[in-house]
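All remarks here apply to the structure that follows.
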C-alpha cells in the first residue's frame, strides 16, 4: 500500500501532460502510485499515459470509454486508489520539487489528519510565478491538527480539490464523491472541510497552478457556467442532511454570493445574452439560502443588493461607471506624475546653481537589501575617518531599517534625493548612477563595481545579446566618463575594468572594502550571527549562493537542496541565498535548509558558514579571504559560457573542489574532500592571485586617498600574516588538536 495515490484526470492536455506526470514521478518521496485517467481524450493523452505506464510501474492507467468530465474522471481514479492519502492534480499543473516529501513530513508531525491543506502558486505563460495571496491562512503556528471551527478562515481559500491531501479511509467512510459539471470542486471541498475531525496546514507551495493563455475550462465563454447553481444546491443539501453543520450556513451563503459575483463579473465566462438570466437565477439562490443577520462587508454591500434584487441593467451601468472612474483616475494619476516630474526637474536645475558642499557624501548600492556591499563599507569608513562629512544612503523606504542610525536616508526620486545628487561632493555607487545625473565641476564619483569579474562585463557584452539585454552601450560609455575613481581588488580586476570600461578615471587597486569585515570580525560575532539565523550548535553550515543565469527567462536552483541536506545528514545545514535578480527563494525553509535570500548582509552569511558552494558568482573571490573551504558546482558551464562568457575557466584554477553533478557535490562533502589538503592547496593559490590587498583596511585606504588626499596610504598586510576569524567548525578542530598534543 503506497503512502500517496496521486490522481490525474486528462482531457485535451497533450501539450502539458508530460510535464505534469514527470513532476509526480520525479518526486524525492517515491512511495506513491500515479493514477492517470484518460477521460476519452481525442488527442494523444491516452497514448502518453500508456507510455509512462510502460516506463514506470507506479503509473496505473485508467481509460474511460466515453468522456465523462473532470468530476467523474476523478471518481474513477479514486476507485482504483490504494494509498493512505489521496491527492488530486490537474493535468496541466505540476507538483513542485520535494512537495510529497514535505507533505509526508507534515502528515507525520500532525498525526495523520483527515485533511492536510497546502499552498500553491500561479504560473503564467510569460514565466511569472505568483504565490497565493491568502498564504497567511496556512500558518503552521498553533496546535495541529484542529477542526474547521478553530480556523474558519480556511474557507476563504480557493475552493479546489488539488491543494489538499485527503486520508482515503476518511473519504470512503463519508462517501464523498465529485459531481459532474463545472465547479465540481465546490460540493466536494466544503463538505470535506466541514466534516473533517482533524485538519492540518502546510505553509509551502506544493502545486504550480498553470494559468493558460487560452484553453482553460473556466476561462471559456459557455452556458455551462450556470452549473454553479446546482453545485451550491448540493452544498446546502449536504448541510441540511447534517444538522450539526447548520452553523456554517451564514458563511457558506457569503461564499456563494461572492462566487456568483465573480462569475457574473468576468467577461470570459457567461455568454452576453445569458447574463440577465444568470443574475435572475442568482437572485433566486440569494433568497433561498439567505441566513438572517449575515454580516456583509461595506465594500460589497452594493454587489449583494444588486444580486438580491436581480438588477441586471443597473449592475451593468455600475460596471461601466466604475470602468470610467478607473480610467479617469489613471489619466489623472499620469498627469500628476508628469507635473511632479517636471517640478523635480526644475528643482534639480535650481539646486545645480548652488555651490557643491564639500562636507556631503552620497552612497548607493545595487543588489543589496539595505546598506551593504562596497559602498556600505565605504560609508562606514567615511564616518570613522572623516567624521566631518555628513553621509546619506539612497534606498527604498522598506530598506531604511538596515541603514545605520547616523546616516541620512534618501528615497530615490524625491526632492531631497535630487538635492543630494546636485550638491554633494562625493558620489559613491557600485553600478550605474541615475542616468539623469549631471556631474558638476567639483564633484567626485567613486565607482566601486560589485566584485572581482569572472563573467564578461561592460563592453565585452556587446557580443552577448542574452546577457546584455537592452543595454545602451553609448549610455554606458557616457556613464564611464563621469567616474573619477574605480576600485579594484587585484591585478586581474584592474586589467578587465580598464578595458571594458574605458575612460579617464584613476584605478585604485586597494582591495575590496566589503571584505574588511572578514579580518575585523571576532568569534563572538560569528556565534551571534549563527544564533540569529537559528543554526544549531555544532552544525556544519554550507552557504549556497549561485549567480544569475542569463540564458534562462525564469531562474531555478540547479540543486535539490533538501535532497542534498538529507543525504549529508542532520548535522548539516544549508543557507540558501538567491541572486538579487532571482525573483524569489531557492528553496523552502526547513530544519536543514534555511532560505536567507532576504538577509540584509551577505558578509554576515559568509561569516556564519563553514563552507561556500557557488558556481560563477563573484562571491568566491570574497569568501576566499576567510580561508574557508569553497566548492564550485559547475553543472552547466557550456551553456553559461555560451550565454555570458567568462574571463577564465574556473575549473582550471578553482578555489577548491569542483562538482559537475548533484551526486558528485554530495560525495565531495560526504568524503571530506571539501576540506582536505588538496582543497586547501587550491584555495591558497587562489588567494594569492585574487586577494593580495584584502587585509581589513581597504576602505580606509580609499578614504585616505580620495578624501584626505594622502598618497602614503596604509601598507598591505601580507597574506601569511592575516588571521581571518575561523569558522566554529575550524575552531572546534583546532581545540581538539591542541587537546591531543597535550
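The values are calculated or read from the model by the stated rules, or taken from the named source; none is laboratory data. In this text the structure is predicted, and so the values were computed from the model without any measurement. With ideal geometry, Cβ positions are generated from the backbone for all residues, glycine too; neighbour counts draw on all protein chains shown.
State yes or no: is residue 461 touching a helix residue (DSSP H, G or I) at 6+ places or on another chain (Cβ under 7 Å), within 25 Å of residue 601 (Cβ to Cβ) and not assigned by TED's automatic domain parsing to the domain that holds residue 649? First the steps, then the outcome.
On the way: touching a helix residue (DSSP H, G or I) at 6+ places or on another chain (Cβ under 7 Å): yes; within 25 Å of residue 601 (Cβ to Cβ): no; not assigned by TED's automatic domain parsing to the domain that holds residue 649: yes.
Answer is no for this residue.
Does residue 111 satisfy being assigned by TED's automatic domain parsing to the domain that holds residue 31, touching a residue at least 24 places away in the same chain (Cβ under 8 Å), more than 14 Å from residue 205 (Cβ to Cβ) and assigned to a loop (DSSP other than H, G, I, E, B)? Spell out how you get there, then give the answer.
Working: assigned by TED's automatic domain parsing to the domain that holds residue 31: yes; touching a residue at least 24 places away in the same chain (Cβ under 8 Å): yes; more than 14 Å from residue 205 (Cβ to Cβ): yes; assigned to a loop (DSSP other than H, G, I, E, B): yes.
Against the criterion (assigned by TED's automatic domain parsing to the domain that holds residue 31, touching a residue at least 24 places away in the same chain (Cβ under 8 Å), more than 14 Å from residue 205 (Cβ to Cβ) and assigned to a loop (DSSP other than H, G, I, E, B)), residue 111 qualifies.
What is the residue count in segment 672-700 for residues that are over 17 Å from residue 512 (Cβ atoms) and over 33 Å from the mean Cα position of the chain (by Cα)?
Result for segment 672-700: 8.
Quick one: would you say residue 595 is farther than 16 Å from residue 547 by Cα and surrounded by fewer than 21 Cβ atoms within 10 Å (Cβ to Cβ)? Step through it out loud before you land on a result.
Numbers: farther than 16 Å from residue 547 by Cα: no; surrounded by fewer than 21 Cβ atoms within 10 Å (Cβ to Cβ): yes.
Judged against the criteria, residue 595 is not a match.
Scan segment 145-152 and give yes if some residue there is under 18 Å from the mean Cα position of the chain (by Cα), within 21 Å of residue 100 (Cα to Cα) and in a loop (DSSP other than H, G, I, E, B), otherwise no. Talk me through it step by step, then tell me what you get.
Taking segment 145-152 and keeping what is under 18 Å from the mean Cα position of the chain (by Cα), we get none.
For segment 145-152, residues under 18 Å from the mean Cα position of the chain (by Cα), within 21 Å of residue 100 (Cα to Cα) and in a loop (DSSP other than H, G, I, E, B): absent.
Of everything in segment 591-605, what is in a loop (DSSP other than H, G, I, E, B) and in contact (Cβ under 8 Å) with a residue 60 or more places away in the chain? Give them in sequence order. So that I can check it myself, show each step before the final result.
Here is the first cut: in segment 591-605, the ones in a loop (DSSP other than H, G, I, E, B) are 591-592, 596-601.
Within segment 591-605, 596, 598, 599, 600, 601 meet the criteria.
Anything in segment 566-577 that is surrounded by fewer than 22 Cβ atoms within 10 Å (Cβ to Cβ) and at negative phi? List them, or say none.
Within segment 566-577, 566, 567, 568, 570, 571, 572 qualify.
Please count how many residues of segment 624-646 are within 24 Å of residue 573 (Cβ to Cβ) and in contact (Cβ under 8 Å) with a residue 40 or more places away in the chain. Before the answer, list the steps.
As a first pass, look at segment 624-646 and keep what is within 24 Å of residue 573 (Cβ to Cβ): 624-635.
Then drop every residue that is not in contact (Cβ under 8 Å) with a residue 40 or more places away in the chain, which leaves 624-631, 633, 635.
Adding up the residues that qualify gives 10.
Would you mention how many residues in segment 153-170 are outside any loop (DSSP other than H, G, I, E, B) and within 28 Å of residue 260 (Cβ to Cβ)? Give the derivation first.
As a first pass, look at segment 153-170 and keep what is outside any loop (DSSP other than H, G, I, E, B): 153-156, 164-170.
Still in the list and also within 28 Å of residue 260 (Cβ to Cβ): 153-156, 164, 166.
Matching residues across segment 153-170 total 6.
Check residue 296 against each of (1) surrounded by fewer than 16 Cβ atoms within 10 Å (Cβ to Cβ); (2) at pLDDT 90 or above; (3) in a loop (DSSP other than H, G, I, E, B); (4) within 37 Å of the chain's Cα centre (by Cα) and name the one condition it does not meet.
That leaves (2) as the condition not met.
Would you confirm whether or not segment 647-656 contains a residue that is part of a loop (DSSP other than H, G, I, E, B), touching a helix residue (DSSP H, G or I) at 6+ places or on another chain (Cβ under 7 Å) and in contact (Cβ under 8 Å) with a residue 60 or more places away in the chain?
For segment 647-656, residues part of a loop (DSSP other than H, G, I, E, B), touching a helix residue (DSSP H, G or I) at 6+ places or on another chain (Cβ under 7 Å) and in contact (Cβ under 8 Å) with a residue 60 or more places away in the chain: present.
Scan segment 97-106 and tell me whether some residue there is in a strand (DSSP E or B) and either in contact with a helix residue (DSSP H, G or I) (Cβ under 7 Å, 6 or more places away or on another chain) or touching a residue at least 40 places away in the same chain (Cβ under 8 Å) (or both).
Let us first name the residues in segment 97-106 that are in a strand (DSSP E or B), namely none.
There is no residue in segment 97-106 that is in a strand (DSSP E or B) and either in contact with a helix residue (DSSP H, G or I) (Cβ under 7 Å, 6 or more places away or on another chain) or touching a residue at least 40 places away in the same chain (Cβ under 8 Å) (or both).
If you scan segment 255-273, which residues turn out to be out of contact with any helix residue (DSSP H, G or I) (no Cβ under 9 Å at 6 or more places or on another chain) and in a helix (DSSP H, G or I)? Don't jump to the end; show me each part of the working.
Restricting attention to segment 255-273, the residues satisfying the condition of being out of contact with any helix residue (DSSP H, G or I) (no Cβ under 9 Å at 6 or more places or on another chain) are 262, 267, 272-273.
Passing the criteria: 262, 272, 273.
Here is a list: 232, 190. Which entry is within 36 Å of the chain's Cα centre (by Cα) and surrounded by 20 or more Cβ atoms within 10 Å (Cβ to Cβ)?
Details: 232 fails: within 36 Å of the chain's Cα centre (by Cα).
None of the other options fit; the residue is 190.
Looking at segment 481-499, which of its residues are under 33 Å from the mean Cα position of the chain (by Cα) and within 26 Å of residue 442 (Cα to Cα)? Quick ask: steps written out before the conclusion?
Here is the first cut: in segment 481-499, the ones under 33 Å from the mean Cα position of the chain (by Cα) are 486-489, 493, 496-497.
Answer for segment 481-499, where residues must be under 33 Å from the mean Cα position of the chain (by Cα) and within 26 Å of residue 442 (Cα to Cα): 486, 487, 488, 497.
Being assigned by TED's automatic domain parsing to the domain that holds residue 208, assigned to a helix (DSSP H, G or I) and under 22 Å from residue 166 (Cβ atoms), is that true of even one residue in segment 49-57? Break it down stepwise before answering.
From segment 49-57, those assigned by TED's automatic domain parsing to the domain that holds residue 208 are 49-57; that's our starting set.
Now restrict to residues that are assigned to a helix (DSSP H, G or I): 49-55.
Subset that is under 22 Å from residue 166 (Cβ atoms): none.
The answer is no; no qualifying residue exists.
Can you tell me which residues in segment 233-253 are out of contact with any helix residue (DSSP H, G or I) (no Cβ under 7 Å at 6 or more places or on another chain) and either more than 27 Å from residue 220 (Cβ to Cβ) or assigned by TED's automatic domain parsing to the domain that holds residue 147 (or both)?
Quick first cut of segment 233-253, residues out of contact with any helix residue (DSSP H, G or I) (no Cβ under 7 Å at 6 or more places or on another chain) only: 233, 237, 240-244, 247, 250.
If the condition is that a residue be out of contact with any helix residue (DSSP H, G or I) (no Cβ under 7 Å at 6 or more places or on another chain) and either more than 27 Å from residue 220 (Cβ to Cβ) or assigned by TED's automatic domain parsing to the domain that holds residue 147 (or both), then 237, 240, 241, 242, 243, 244, 247, 250 are the ones that fit.
Would you confirm whether any residue within segment 557-576 is in contact with a strand residue (DSSP E or B) (Cβ under 8 Å, 6 or more places away or on another chain), without any contact (Cβ under 8 Å) to a residue 60 or more places away in the chain and closer than 30 Å to residue 697 by Cα?
Checked against the condition, which is being in contact with a strand residue (DSSP E or B) (Cβ under 8 Å, 6 or more places away or on another chain), without any contact (Cβ under 8 Å) to a residue 60 or more places away in the chain and closer than 30 Å to residue 697 by Cα, segment 557-576 yields at least one hit.
Kindly list the number of the only condition in (1) surrounded by 17 or more Cβ atoms within 10 Å (Cβ to Cβ); (2) in a loop (DSSP other than H, G, I, E, B) that fails for residue 439.
(1)
The rows are residues; the columns are (1) assigned by TED's automatic domain parsing to the domain that holds residue 413; (2) surrounded by 18 or more Cβ atoms within 10 Å (Cβ to Cβ); (3) part of a loop (DSSP other than H, G, I, E, B).
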{"site": "353", "(1), (2), (3)": "no, no, yes"}
{"site": "365", "(1), (2), (3)": "yes, yes, yes"}
{"site": "369", "(1), (2), (3)": "yes, yes, yes"}
{"site": "382", "(1), (2), (3)": "yes, yes, no"}
{"site": "392", "(1), (2), (3)": "yes, yes, no"}
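Quick one: which strands (runs of 3 or more DSSP E) lie wholly within segment 450-557 and hold at least 1 residues that are surrounded by fewer than 17 Cβ atoms within 10 Å (Cβ to Cβ)?
Values: elements: 485-488, 506-509, 540-544.
Hits in segment 450-557: 506-509.
Which of the residues spanning segment 703-723 are surrounded by fewer than 10 Cβ atoms within 10 Å (Cβ to Cβ) and in a helix (DSSP H, G or I)?
720, 721
To keep it simple, each residue is scored yes or no on (1) surrounded by 23 or more Cβ atoms within 10 Å (Cβ to Cβ); (2) modelled with pLDDT under 95.
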site	(1), (2)
18	no, no
24	yes, no
30	no, yes
51	no, no
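Where residues in segment 39-48 are without any contact (Cβ under 8 Å) to a residue 40 or more places away in the chain and outside any loop (DSSP other than H, G, I, E, B), which of them is nearest to residue 65 (Cα to Cα)?
Going residue by residue through segment 39-48, those that are without any contact (Cβ under 8 Å) to a residue 40 or more places away in the chain are 39-44, 46-48.
Applying the additional criterion that residues be outside any loop (DSSP other than H, G, I, E, B) yields 46-48.
Details: 46: 11, 47: 14, 48: 17 Å.
My answer is 46.
List the residue pairs whose Cβ atoms are under 6 Å apart, where the first residue sits in segment 183-198 and is within 13 Å of residue 158 (Cβ to Cβ), the second is modelled with pLDDT under 95 and outside any loop (DSSP other than H, G, I, E, B), and the two are 6 or more positions apart or on different chains.
Close Cβ pairs (under 6 Å, with a partner that is modelled with pLDDT under 95 and outside any loop (DSSP other than H, G, I, E, B)) amount to 183/227; 183/228; 183/231; 186/231; 190/235; 193/148.
Scan segment 239-260 and report the pairs whose first residue is free of Cβ contacts under 8 Å to residues at least 24 places away in the same chain and whose second residue is in a helix (DSSP H, G or I) and surrounded by 19 or more Cβ atoms within 10 Å (Cβ to Cβ), with Cβ atoms within less than 7 Å and a gap of 6+ or a chain change.
246/239
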